[in-house]
Each structure stands twice: as structure tokens, then as C-alpha cells.
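The values are calculated or read from the model by the stated rules, or taken from the named source; none is laboratory data. Everything quoted here is computed from the prediction, not taken from an experiment. Here the Cβ positions follow ideal geometry from the backbone for every residue, glycine too, while neighbour counts run over all protein chains shown.
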Amino acid sequence: MMTLLETQYPAEESKTKMFMMQWIQYILDTCDNVPQVIESANSIH
């Protein structure tokens, strides 16, 4: 796993928080191919 522990992201209270490994599992569970992963990632705002 590639991690930069010093990274800090701005707090956005209006958005739901998700641990990186949860997102990876979600993608593996719901996408069949790379284009679907890209579409899914682009739909997150």
C-alpha cells in the first residue's frame, strides 16, 4: 500500500467519510472492469 502519512485533506462536513480500504472493497464488489471503475470514480463529487 502506498501511503503518505503527512497528507492532510480539507474537512468537508457535507460529505460522507470513507476509509480508503472501504472504497477499494466497494469498487471490487461493484465494478466488472476498468471503465466502470473510472465512471464510478468520476461520479463522486
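Just wondering, is there one or more residues in the stretch 2-15 that are exposed (fewer than 10 other Cβ atoms within 10 Å of the Cβ) and in a helix (DSSP H, G or I)?
no
Report, by residue number, each residue of the stretch 16-29 that is exposed (fewer than 10 other Cβ atoms within 10 Å of the Cβ) and part of a loop (DSSP other than H, G, I, E, B).
Once the filter is applied, which keeps residues that are exposed (fewer than 10 other Cβ atoms within 10 Å of the Cβ) and part of a loop (DSSP other than H, G, I, E, B), the stretch 16-29 yields 16, 17, 19.
Scan the stretch 30-45 residue by residue and report those that are loosely packed, with under 10 Cβ neighbours inside 10 Å, under 28 Å from residue 13 (Cα atoms) and modelled with pLDDT of 95 or more.
Of everything in the stretch 30-45, nothing turns out to be loosely packed, with under 10 Cβ neighbours inside 10 Å, under 28 Å from residue 13 (Cα atoms) and modelled with pLDDT of 95 or more.
Cβ contacts < 9 Å: first residue free of Cβ contacts under 8 Å to residues at least 60 places away in the same chain and over 21 Å from residue 3 (Cβ atoms), restricted to the stretch 15-42; second residue surrounded by 10 or more Cβ atoms within 10 Å (Cβ to Cβ) and charged (D, E, K, R), any location; separation 6+ or different chain. Result?
Listed pairs, sorted by first residue: 31/39.
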